[in-house]
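Working notes for the structure below.
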Amino acid sequence: MTTCDVTIIGAGPYGLSAAAHLRTVKGLEVRVFGEPMSFWQHNMPVGMFLRSNWTATRIADPNGSLTLEAYQMACGNHLSFPVPLDRFVQYGLWYQRRAVPDGRLRTWRPMGKASEWSWEMVKSLILRA
């Protein structure tokens, strides 16, 4: 069985940001499970625009270096305002590759009693947090 200090289920903007911040704590073992940005990519309306203002659209990171501006410069992708959904998903994937590159792209299901917080990954990895 693999153990860690923090398990984050979900690799959307909040999960990725939480992982990026928690990884700054020395000695803290953090694992993220889920397909990055999949909820946004598969469940939001095609052609949607984010209603958040520019600063609220960026995904927070501990150094303030993974901004929308940094994404535009690194990838050459111009972002309009409001930000289109497909560009936000691309930004989230870019963020994930830099801040949480070792996220586990696996599905999970609970095992045993809910109070045990054990999770079985489809590929036979068992994690207790």
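The values are calculated or read from the model by the stated rules, or taken from the named source; none is laboratory data. Predicted model only: the values in this text are computed from it and were never measured. Neighbour counts run over all protein chains shown; Cβ positions are idealised from the backbone, glycine included.
I need every pair where a residue in region 1-26 that is closer than 20 Å to N63 by Cβ and in contact (Cβ under 8 Å) with a residue 40 or more places away in the chain has its Cβ under 7 Å from the Cβ of a residue that is polar (S, T, N, Q) and surrounded by 17 or more Cβ atoms within 10 Å (Cβ to Cβ), sequence separation at least 6 or different chains.
From region 1-26, the pairs are A11/Q96; L16/Q96.
Restricting to region 60-73, count the residues that are free of Cβ contacts under 8 Å to residues at least 40 places away in the same chain and either outside any helix (DSSP H, G or I) or not aliphatic (A, V, I, L, M) (or both).
Summing the residues that are free of Cβ contacts under 8 Å to residues at least 40 places away in the same chain and either outside any helix (DSSP H, G or I) or not aliphatic (A, V, I, L, M) (or both) in region 60-73 gives 7.
Can you pull out the helices (runs of 4 or more DSSP H) entirely within region 7-59 that have at least 3 residues that are modelled with pLDDT of 95 or more and under 11 Å from V100 (Cβ atoms)?
Qualifying helices (runs of 4 or more DSSP H): 13-22.
Got a number for residues in region 61-71 being among the hydrophobic types (A, V, I, L, M, F, W, C) and surrounded by fewer than 18 Cβ atoms within 10 Å (Cβ to Cβ)?
1
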